1. For the chain, what is the mean residue ellipticity at 222 nm derived from helices alone (per DSSP H run of n ≥ 4: -39500 (n - 2.57); sum divided by total residues; nearest 500 deg cm²/dmol)?
2. Using the per-residue mean of other Cβ atoms lying within 10 Å as a proxy for protection, in what order, highest first, do the peptides 137-145, 96-104 fall?
3. Going highest first, how would you order 77-87, 229-239 by mean Cβ packing within 10 Å?
4. If you find the alpha carbon centre of the stretch 278-339 and of the stretch 11-83, how far apart are they in angstrom?
5. Taking the Cα atoms only, what angle lies between the long axis of helix 44-66 and the longest principal axis of the chain, rounded to 10 degrees?
6. With a 1.4 Å probe and all protein chains left in place, how much of the accessible area of the chain comes from carbon and sulfur atoms, in whole percent?
7. Using a 7 Å offset from Cα along Cα-Cβ at Ser304, what residues in the stretch 68-89 end up with backbone N under 17 Å from the label point?
8. Express in % the proportion of alpha carbon pairs of the stretch 135-303 at distances exceeding 25 Å.
Amino acid sequence: MPVYILGIESSCDDTSAAVIRNDVILSNIIANQKVHAAFGGVVPELASRAHQQNIIPVIHEAIRQAGILKTDLQAIAFTRGPGLLGSLLVGTSFAKAFAFALGIPIVEVDHMQAHILAHFIRNPKDEKAVPEFPFLCLTVSGGHTQIVQVNSHFDMKVIGRTIDDAAGEAFDKAAKIMGLPYPGGPLVDKYGKDGNPEAFRFSRPAIPGLDYSFSGLKTSFLYFVRDRLREDASFIDHHTADLCASIQQAIVSALMEKLQLAVRQTGIRQVAIAGGVSANSALRKELTNFGDNTGVRTFIPEFSYSTDNAAMIAMAGYFRYLSGEFADLSASPYSRSTV
Ligand code: KG4
Ligand code: ZN
């Protein structure tokens, strides 16, 4: 019998709802919040207000596009954390109230686990191999950078993490230094396509083991641009493509270096990427090259499941539903990762 689950994601600045039938996504609606662009970053209070405005129409549309009735739903999965508390509260409260009204259970989902579990979403029109356990996943977003050893759907061990900025933050901060709007990561990717990744060199992070550090790279980029602007006020305008390509190269090679070390250390030869930065074209290319050169199996998510979306929440919710792990109405959001 098919299981229909509604997934709700509201951890940061995207309000999203999706309906899944077992492991197949029927709808995935995302309302981006444009309101933050003018502030150069997400403003938490504005994010929660925008979630409140968006959540009903987004859920309504997800159910409509799925071609089902709300009474067909068997459970509601929601992001419990990590993320902005005010934003998470909107999705969490809505999930509880809606499930209570429908008389169905709620399932809590960890946002970072969901990014990883997005790899198990099945597309009947384009069947692809899914990773087998155990595999490694580089989870790279605006708030996190982790190398995760995935032993099962819910047994995940973080074996490396950033000690300061996340990779997405490094992209966004570099973009901000160049005067690009938030979120700058996709723009660095876009402009970098016409640039030379070897044009400029910034100090590379040197930290031991599988951990990452991006704050030194950001400072090195900031000082470099500031010094060049002293000599030439239009330096950024004339070198946007090369600057973007070079900073992107620095971030991606730092990411890949530790990921390759993790493969050597663990002996695990299946590697996935997940999270917003997994949409980056240079990272996708480098991971594919790594797989081609070494025989390691690589897994890259569809673009629509890279950045924040509720499809991944519904997918993770389905696995929890199958294992009978339901949350109760007292489940409150958490801001920091528990994984
Ligand atoms: O997973 P996500 O949508 O939200 C969080 O959970 O944080 O990740 C958002 C991050 C932002 O920092 C954004 O700039 C970055 O992912 N991002 C990219 C690209 N697309 C999104 N960074 C580099 N290249 C991209 N194409
Ligand atoms: Zn995310």
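1. Numbers: 9 runs with 142 residues, N = 339.
Computed mean residue ellipticity for the chain: -14000 deg cm²/dmol.
2. Values: 137-145: 26.6, 96-104: 15.0.
Per-residue mean Cβ counts within 10 Å order the peptides as 137-145, 96-104.
3. On the way: 77-87: 24.9, 229-239: 11.7.
Going by the mean number of other Cβ atoms within 10 Å, highest first, we get 77-87, 229-239.
4. That distance is 16 Å.
5. Result, in degrees: 60.
6. On the way: 7690 of 14750 Å².
Roughly 52 percent, rounded to a whole number.
7. 68
8. On the way: 4175 of 14196 pairs.
For the stretch 135-303, the fraction of Cα-Cα distances above 25 Å is 29 percent.
The values are calculated or read from the model by the stated rules, or taken from the named source; none is laboratory data. If you're wondering where the values come from, they're calculated on a predicted model, not measured in any experiment. Note: ideal-geometry Cβ built from the backbone for every residue, glycine included; neighbour counts use all protein chains shown. These accessible areas exclude ligands, DNA and RNA; they are computed on the full protein's heavy atoms, side chains included. Shrake-Rupley method; radii C 1.70, N 1.55, O 1.52, S 1.80 Å.
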